[in-house]
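**Q** My structure is below; once you've seen it, I'll send some questions.
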Amino acid sequence: QGKKPFKITGIFCDDESFQFTKDDAEKTLHMVPVTFTAKEGKKSGKVSKSIRIETDLGTMAQELSAQAMISDK
């Protein structure tokens, strides 16, 4: 969320299990859907990864953490 409209220029995570959907619209608030798909053979347990979101505002990228729980149920 920002005080003035901005575009998301990139979303990065070092785990391909996390996928993101972004649009190219310029808005003051962006909702970014995140999908986690566990890779076959991945053990049950908690997954925690860092996600970096870059914008066209020219400020530092925002870092946040994403967590998922893998269950064999």
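**Q** Cα centroids of region 1-24 and region 32-73: how far apart, whole angstrom?
**A** Centre-to-centre distance over Cα atoms comes out at 12 Å.
**Q** Within the accessible area of the chain, what % is carbon and sulfur when the probe is 1.4 Å and the other protein chains stay in place? Numbers along the way, then the final one.
**A** Numbers: 2820 of 5730 Å².
Of all accessible area on the chain, carbon and sulfur atoms account for 49 percent.
**Q** Let me ask another. Quick one: net charge of Met60's neighbours, Cβ under 11 Å, K/R +1, D/E -1?
**A** Values: positive: Arg52; negative: Glu54, Glu63.
In short, -1.
**Q** Run the 1.4 Å probe and let me know the accessible area of Phe12, rounded to the nearest 10 Å².
**A** 90
**Q** Related question: Considering only the other residues whose Cβ falls under 11 Å of the Cβ of Pro33, what net charge follows from Lys and Arg at +1 and Asp and Glu at -1?
**A** Value of the local net charge: 0.
**Q** Please list, or write none, the lysines whose alpha carbon is within less than 17 Å of the alpha carbon of Lys39, excluding same-chain residues fewer than 8 places away.
**A** The reachable lysines, counting only those whose Cα sits under 17 Å from Lys39, are Lys49, Lys73.
**Q** Give me the aspartates and glutamates in straight-line cross-link reach of Lys7: C-alpha distance below 20 Å, same-chain residues under 8 apart excluded.
**A** By straight Cα distance, Lys7 reaches Asp23, Asp24, Glu26, Glu54, Asp56, Glu63.
**Q** Keeping every protein chain present and rolling a 1.4 Å probe, give me the accessible area per residue for region 14-73 in Å². Present the calculation step by step, with values, prior to reporting the outcome.
**A** Values: 4770 Å² over 60 residues.
Accessible area per residue, region 14-73: 79 Å².
**Q** Next question, about the same structure. Work out the length of the dipole vector of the chain about its Cα centre, built from +1 on the beta-carbon of each Lys and Arg and -1 on the beta-carbon of each Asp and Glu, and round it to the nearest 20 debye. Numbers along the way, then the final one.
**A** Numbers: 12 positive and 11 negative charges, 58 e Å.
Roughly 280 debye, rounded to the nearest 20.
**Q** Then there is this: Tell me, in nm to one decimal, what length is gained between Met31 and Leu64 on full extension, where the rule is 0.36 nm per residue of separation less the Cα-Cα distance?
**A** 10.5 nm
**Q** Rounded, prolate or oblate, given the Cα gyration tensor of the chain, with a/c below 1.5 counting as rounded? Don't skip to the end; give the middle numbers.
**A** Details: a/c = 2.97, a/b = 2.53, b/c = 1.17.
Taking the square roots of the gyration eigenvalues as a ≥ b ≥ c, the chain is prolate.
The values are calculated or read from the model by the stated rules, or taken from the named source; none is laboratory data. If you're wondering where the values come from, they're calculated on a predicted model, not measured in any experiment. Ideal geometry is used to build each Cβ from the backbone, glycine not excepted, and the neighbour counts take in all protein chains shown. Remember, those area values only see protein heavy atoms, side chains included, never the ligands or the DNA or RNA. Shrake-Rupley method; radii C 1.70, N 1.55, O 1.52, S 1.80 Å.
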